[in-house]
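> Got a structure for you, written out below as structure tokens; questions coming shortly.
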Amino acid sequence: MSETSHLLPAVSSFLSSPRQLLIDGEWVDAKDGKTFATVNPATEEELVQVSQASAVDADRAVAAARTAFEDGSPWSRMTPRDRSHLLWRVGDLIEEHAEEFAQLESLDNGKSLTSARGDVGVAAELFRYFAGWATKIEGTTIPMSVPGRDFHAYTRREPIGVVAGIVPWNFPLTMACFKIVPSITAGNTIVLKPAEQTPLTALRLGELLLEAGLPAGVVNVLPGYGDAGAALVDHAGVDKVAFTGSTEVGRKIAAGASKNLKKVSLELGGKAPNIVFADADLDAAIAGAALAGYFNEGQCCVNGSRLYVQREVFDQVVDGVAAAARAIRVGDAFDPATTMGPLVSQEQHEKVMGYVRGAVADGATLAAGSPDPAADRGYFFSPTLITDVTEQMAVQTDEIFGPVITAVPFDSEDEVVAAANNTVYGLAAGVWSRDLGTAHRVGSRLRAGTVWLNTWHADDVTLPRGGYKQSGWGRELGAFGLDDYTELKTVIAELR
């Protein structure tokens, strides 16, 4: 089946000419004229040339965002109600263009159309959810106790200023919205740097933001490589960096931001433990374990890649997850039968293969999958389940970011809790048990920002997300996430 034969005319048109940077409400070339190719991971073919932002372009975008933020600008004069209406309008526009976004996302990232459509729905809902918050950013009054004097003290939540949002390639559109939506809800301006592997939906979103009436300079989009992101992190005109990505890059961002102590929020890597007790509903646990590990081609930081199963049901669960892995249809995103697309890039494909081959060389066993490519063309990789691993193997300790699950037996609750927490990460975890006491007790002992009990990947835009330990700083989404995009001011007035 040919992908291009099913493309919407709007998608074909979008890909028919080079895509530019969005700076100060205008589509412009990079200052030095450089471009790069974004590639379809299913075919390894170029989709379109995209302008490649440099440090000079970052400076232009920050200047535009600063001007848009300052007192007296159209954006600063926009009321919270006006911001609310604008956010809702963007949500409607995303919904109107949902299939267009889904096709662009599938082409650029490789994920199935079904998955991409789900991501687009989340993006629209993010704008609508935060539209309600724009009019509800409130302060409090606080009684003061000073003998003989009378004061009125209150707090205000105010926008921080210029935000640099740097996002990954696994959920390009939704991750862009994770940064843009709370930023503008709170009245900030933002410069967004999408991942160089997947810039297309962020650029299309930029077009819709302008169509919705967003003032120039409020949202700027700079596709490019790490040097553009580093320039934003180092820029004195940026007040906050919001980053989602690897822990390794997160450390570099924290170090760079320390130069002028700009605010930083980080959602970083994970290596989530998924614990199955013998008394669990095993059919549900097996299906949940497969979803936990193989969701989004395994390219999801909260995936349950470490499966711990109580020994008496270990073989049964392993057999079930292996069967589920073999039943997954790996193929082109535009094939309706496809349930798993390719990995995002050649680099990621080689990385995942290297981990699997290394585990086999160290004595591990493949219960499902293969250490070799799943196709001659495209970055396809078979869902893989590995047993006979030790806690010291790289496949068990490192975030692989591919469709790879390791399975380890355990005997006691204390043993499995210690193993589950024996990681530098703390983003997510899960427990399966029919005994709700066991589920809640073990869940409370796991050091992770999100813990699922008898489910996995259940989520909502109302819920905060973020991690313990080296999985990040701060929280995103919900009322909690909005706090990270505001400054808290205390005002004290003496009443005479």
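> Quick one: how many lysine pairs does the range 201-285 have with C-alpha atoms less than 17 Å apart and a gap of 8 or more or different chains? Give me the count, please.
Lysine pairs meeting the criterion: 6.
> What FRET efficiency comes out for the pair Gln392/Ser370, r = Cβ-Cβ distance, R0 = 25 Å, nearest 0.05?
Efficiency for this residue pair is about 0.55.
> What does the charge count near Ala228 come to, summing +1 for each Lys or Arg and -1 for each Asp or Glu among other residues with Cβ under 10 Å from its Cβ?
Net local charge, Ala228 excluded: -2.
> Arranged from highest to lowest average of other beta-carbon atoms within 10 Å per residue, in what order do the peptides 462-471, 380-389 appear?
380-389, 462-471
> For the pair Val360/Val424, report the inter-label distance in nm, with labels modelled 7 Å from Cα in the Cβ direction.
So the two model labels end up 2.8 nm from each other.
> Can you tell me the length gained on complete extension of the stretch Glu211 to Glu96, counting 0.36 nm per residue apart and subtracting the Cα distance? If you can, show how the numbers build up before the last one.
Details: separation 115, 0.36 × 115 = 41.40 nm, distance 1.27 nm.
In short, 40.1 nm is gained.
> In addition: Search the structure for amide H atoms under 5 Å from the amide H of Leu427, placed 1.01 Å from N in the peptide plane, and list their residues when 5 or more places away or on another chain.
So Leu427 has HN proximity to Lys271, Gly449, Tyr468.
> To make sure I understand the rule: partners must be aspartates and glutamates, Cα under 18 Å from the Cα of Lys351, and not fewer than 8 residues away in the same chain. Which ones qualify?
Within the straight-line limit of under 18 Å, Lys351 reaches these aspartates and glutamates: Glu44, Glu196, Glu248, Glu297, Asp362, Asp372, Asp376, Asp398, Glu399.
> Then there's this: What is the mean projected area of the alpha carbon convex hull for the chain, to one decimal in square nanometres?
Computing the convex hull of the Cα atoms and averaging its projections yields 25.5 nm².
> Turning to a different aspect of this structure: Note the angle between two axes, namely the Cα long axis of helix 282-294 and the longest principal axis of the Cα atoms of the chain, as a number of degrees from 0 to 90, rounded to the nearest 10.
60 degrees
> For the range 370-427, which GluC sites (Glu not before Pro) are both in a DSSP coil and crowded by at most 14 other Cβ atoms within 10 Å?
Glu391
> A further question follows. Give the separation of the Cα centroids, the range 38-76 to the range 222-291, in Å.
Comparing the Cα centres of the range 38-76 and the range 222-291, I get a distance of 21 Å.
> While we're on this one: Given Cα pairs under 8 Å that are at least 6 residues apart, what percent is the relative contact order of the range 136-278?
Once divided by the residue count of the range 136-278, the mean separation gives 22 percent.
> Same structure again: To test your reading of the geometry: what angle, between 0 and 90 degrees and rounded to tens, separates the Cα axis of helix 113-133 from the longest principal axis of the chain?
The answer is roughly 30 degrees.
> May I pose another question? Report, for the range 342-496, the % of DSSP beta bridges that are antiparallel, rounded to 5. Let's see the in-between values first.
Details: 4 of 11 bridges.
Of the beta bridges lying entirely in the range 342-496, close to 35 percent run antiparallel.
> Sorted by packing (mean other beta-carbon atoms within 10 Å per residue), highest first, where do 167-179, 275-287 land?
Listed from highest to lowest mean packing, they are 167-179, 275-287.
> May I ask you to compute the full-extension gain from Ser76 to Ala278, defined as 0.36 nm times their residue separation minus their alpha-carbon distance, rounded to one decimal in nm?
Here the segment from Ser76 to Ala278 would lengthen by 66.9 nm.
> Between Asp227 and Ala337, with labels modelled 7 Å along Cα→Cβ, what's the label distance in nm to one decimal, could you check?
4.6 nm
> Another one. Considering only protein heavy atoms, what per residue accessible area in square angstrom results for the range 247-369 with a 1.4 angstrom probe?
Spelled out: the 1.4 Å probe surface of the range 247-369, per residue, equals 39 Å².
> What whole-number distance in Å separates the alpha-carbon centres of the range 159-202 and the range 118-152?
With the range 159-202 and the range 118-152 each reduced to a Cα centre, they are spaced 21 Å.
> Is the range 284-376 best put as rounded, prolate or oblate by its Cα gyration tensor, with a ≥ b ≥ c the root eigenvalues, rounded for a/c under 1.5, and otherwise prolate when a/b is larger than b/c, oblate when not?
The shape class here is oblate.
> Relative contact order (percent) for the chain, with alpha-carbon contacts under 8 angstrom and 6 or more residues of separation?
Answer for the chain is 17 percent.
> Now for a different question. Show which lysines lie in cross-link reach of Lys34 when reach means a straight Cα distance below 22 angstrom and same-chain residues fewer than eight apart are skipped.
Lys193
> I've got another one for you. At most 12 other Cβ atoms within 10 Å and a DSSP loop assignment: could you name the trypsin sites (Lys or Arg not before Pro) in the range 230-261 that fit?
Filter output for the range 230-261: Lys259.
> Please give me, ordered by residue number, the trypsin sites (Lys or Arg not before Pro) of the range 61-152 that lie in loop per DSSP and have at most 15 other Cβ atoms within 10 Å.
Lys136, Arg149
> Per residue of the range 407-417, in order, report the coupling 6.51 cos²θ - 1.76 cosθ + 1.60 (Karplus, θ = phi - 60°) as ³J(HN,Hα) in whole Hz, putting x for Gly and Pro.
10, 9, x, 9, 10, 10, 4, 4, 4, 6, 5
> Could you work out how much longer the chain between Gln49 and Lys34 gets when fully extended? Use 0.36 nm per residue separation minus the Cα distance between them, nm to one decimal.
Contour length minus Cα-Cα distance gives 4.4 nm.
> Express in whole angstrom the spacing between the alpha-carbon centres of the range 313-383 and the range 451-496.
Each part's Cα centre sits 35 Å from the other's.
> Binning every alpha carbon pair distance of the range 131-188 at 5 Å from zero, what are the percents per bin?
That works out to 4, 15, 17, 15, 13, 10, 8, 7, 5, 4, 2, 1, 0, in percent per bin.
> Can you list residues from other chains, or at least 5 along the same chain, whose modelled amide H is less than 5 Å from the amide H of Thr38?
Those lying under 5 Å, H to H, from Thr38 are Leu47, Val48, Val50.
> Which distance in nm do the two modelled labels at Phe480 and His440 give, with both placed 7 Å along the Cα-to-Cβ direction?
Once both label points are built, they end up 1.8 nm from each other.
> OK, next. Would you work out if the range 1-123 is rounded, prolate or oblate? Take a ≥ b ≥ c from the square roots of the eigenvalues of the alpha-carbon gyration tensor; rounded if a/c is under 1.5, else prolate when a/b is larger than b/c, oblate otherwise.
Oblate.
The values are calculated or read from the model by the stated rules, or taken from the named source; none is laboratory data. The shown structure was predicted, so the numbers you read here are calculated from the model rather than taken from an experiment. Cβ atoms come from the backbone with ideal geometry, glycine included; neighbour counts cover every protein chain shown. What goes into the accessible areas is simple: the full protein's heavy atoms, side chains included, and nothing from ligands, DNA or RNA. Shrake-Rupley method; radii C 1.70, N 1.55, O 1.52, S 1.80 Å.
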